[in-house]
Amino acid sequence: MAIFRQLSLRAKAALAAGTVFVSMIVSRSCLAGSLELRAWRWLFRLQLALFANSLMLIGSLYIWRSTVSNLSHCPGAESACFQLWKMAVVAFLALAHSSFFTMLFLVAEEPYLFSLAAYSCLGAYIIMVFFLCTLSGMEQAYQLVAWRSGRVVGGLDKTRKVAVRPALAVAVTAVLSVAGLLNAAQPPAVKTVQVPVRQLPPSMDGLKIALLSDIHLGPTVGRTKMEMFVRMVNALQPDVTVIVGDLCDAEASSLRTAVAPLDQLRSRLGAYFVTGNHEYYTSDVSNWFALLESLNVRPLHNENVRISATGAQPGGAEDDDWICLAGVDDIEADILHYYGHGMDLVKALEGCRPDRPTVLLAHQPLAAKRALQARPDISLILSGHTHAGQIFPLNVAAYLLNPFFAGLYQVAQTTFVYVSPGTAYYGIPMRLGTRAEITELILRRAP
């Protein structure tokens, strides 16, 4: 206990994050089978929120020190303006920390204003931490270079120097946050991509697939946006509509009315869905499958259908003009030990033939990479998950952590991967350096 008291606040926050993470692993291994399902869902999602907040506490302490503590010795620190500034920083950090808890308590047909404000603050929090660290690093690097060259570092007096860095970070954060909010508020862009496919039947040349991904119905995305997405897809008059995971961030019962507009999708050859990692975070996948089926959206649970010019066929139907549309569970189902789920490529492609085109739906680009290593004959894989980073500086991390980032990749002469940047956003209603997208994929016969 004495050692714990001697730890810095940052070290205590890191220790708390580690403790929560270990508790998640232990509860997943030991309690998953003994707790009632609803209780287990709440426990798991509460642990996720506590883990995120423990990590955020490290950044919050850094923001507080940079924007308040370092200024407390400046002239005017006792003024009413500075006291108001302290209250504003406290409110900002409190809203950012509360964002993850809105998934537990504030999910409905339409987003609550509090949820939108909380997640907006979370986005600004991420930007501010990055720029405070960047400015601090630049200052340290400048001082090091000056010291090594023997030059005396002059410049601003200490008081002004302490104030400039947080003022600049706050200004940059405000500008980028407003830009991100305005960008995310726009309807998704419609992008048309033509993909050459070997052995595509002549009757299916020009087959049009509408691709949606990462809608994230939940605290900040509701029915109004879903209705807009459905209208935009229907305007494209697609033959097939696919949703490649992360449709939701809460239980099916909470979002039943928000997802209802999917019933209005008009795709001549059907609408299909595969799970993303966030479906498993809800611990409610079976109810989501049932709800989607009632809305005429078919989940592909490690299975496939044959799509012909006249419609979807059962796997055993014999017809020369068809393509295999297959879907796999998200790879995180295995990590989470979600019973009855997990990526099973062999099962998903059972009945698909090498002499017929295969289109695979796999939420994560890493799953796409694994699928191609096992079955390089797959014609096209459709993925999402990355959001193209969604906001700066997360774009860099998303690029480095995924084998495919966003857009169309030609992996081999006859194999392509397309990664959607997402149709909406996850939680934070911002997009910086990327635009939400509905993709219109047109399959063309390759020579």
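The values are calculated or read from the model by the stated rules, or taken from the named source; none is laboratory data. The structure presented is a predicted model; accordingly, all values stated were derived computationally and were not measured. Don't worry about glycine lacking a Cβ; one is built from the backbone with ideal geometry, like all the others, and counts go over all protein chains shown. Accessible surface areas use protein heavy atoms only, side chains included; no ligands, DNA or RNA. Shrake-Rupley method; radii C 1.70, N 1.55, O 1.52, S 1.80 Å.
Placing a pseudo-label 7 Å from each Cα along the Cα-to-Cβ vector at VAL190 and ASP344 gives an inter-label distance of 3.9 nm.
Dipole of the chain computed with +1 at Lys/Arg Cβ and -1 at Asp/Glu Cβ about the Cα centre; of VAL145, VAL90, ALA184, farthest Cα towards the positive end is VAL145. Among beta bridges identified by DSSP and lying wholly in the range 267-421, the antiparallel ones come to about 50 percent.
FRET efficiency for the pair THR134 and ASP263, taken as 1/(1 + (r/R0)^6) with r the Cβ-Cβ distance and R0 = 45 Å, rounds to 0.45. Amide H contacts of LEU360: ALA326, LEU380, ILE381, LEU382, each under 5 Å away and 5 or more positions distant or on a separate chain (H built 1.01 Å from N in the peptide plane; Pro and chain starts excluded). Restricting the calculation to Cα atoms, the range 173-328 shows an Rg/Rh of 1.01 when the hydrodynamic-style radius is the Kirkwood one. How big is the antiparallel share of DSSP beta bridges in the chain, given as a percent to the nearest 5? Taking every DSSP beta bridge with both residues in the chain, the antiparallel ones total about 35 percent. Whole Å is fine, so just give me how far the alpha carbon centre of the range 56-134 lies from that of the range 160-194. Taking the Cα centre of each part, the range 56-134 and the range 160-194 sit 16 Å apart. Computed from backbone phi with θ = phi - 60° and the Karplus coefficients 6.51, -1.76 and 1.60, the 3J(HN,Hα) list for the range 345-358 is 5, 4, 5, 5, 9, 4, x, 6, 10, x, 8, 10, x, 10 Hz; x is used for glycine and proline. Placing unit charges on each Cβ (+1 for Lys and Arg, -1 for Asp and Glu) gives the chain a dipole about its Cα centre, and among PRO202, ALA118, GLN237 the Cα reaching farthest toward its positive end belongs to ALA118. Counting 0.36 nm for each residue step from HIS73 to THR310 and taking away their Cα separation leaves a gain of 77.7 nm.
Out of residues 5 or more away from ILE438 or on other chains, whose amide H comes under 5 Å of its own, with H placed 1.01 Å from N in the peptide plane? When sequence neighbours closer than 5 places are left aside, the close amide H contacts are ALA189, VAL190, LYS191. Helices that extend 24 Å or more along their long axis by alpha-carbon positions and average at least 1.0 on the Kyte-Doolittle scale are, among the DSSP H runs of the chain, 9-30, 80-98, 113-149, 158-185.
For LYS191, the aspartates and glutamates whose Cα falls under 12 Å of its own Cα, not counting residues fewer than eight places away in the same chain, are GLU437, GLU440. The phi torsions of the range 381-392, fed into the Karplus equation with coefficients 6.51, -1.76 and 1.60 and a -60° offset, translate into couplings of 10, 10, 9, x, 6, 6, 6, 6, x, 6, 9, 6 Hz, rounded to whole numbers, with Gly and Pro shown as x. On full extension, the segment bounded by ARG445 and GLN413 gains 10.2 nm, given 0.36 nm per residue less the C-alpha separation.
Where the accessible area of the range 337-447 is counted over protein heavy atoms with a 1.4 Å probe, how much of it, in %, is carbon and sulfur? Kindly include the intermediate steps, with their values, before the conclusion.
On the way: 2560 of 4480 Å².
It is 57 percent, rounded to a whole number.
Amide H contacts for LEU200 (H built 1.01 Å from N in the peptide plane; partners 5 or more residues away or on another chain; cut-off under 5 Å): ALA446. The calculated pair-distance distribution of the range 219-282 uses every alpha carbon pair, bins of 10 angstrom beginning at 0, and gives 21, 52, 26, 1 percent. The fraction of Cα-Cα pairs per 20 angstrom bin, counted from 0 for the chain, comes to 23, 50, 23, 5, 0 percent, rounded to whole percents.
What the range 352-447 shows is 36 Å² of accessible area per residue, with the surface traced by a 1.4 Å probe over protein heavy atoms.
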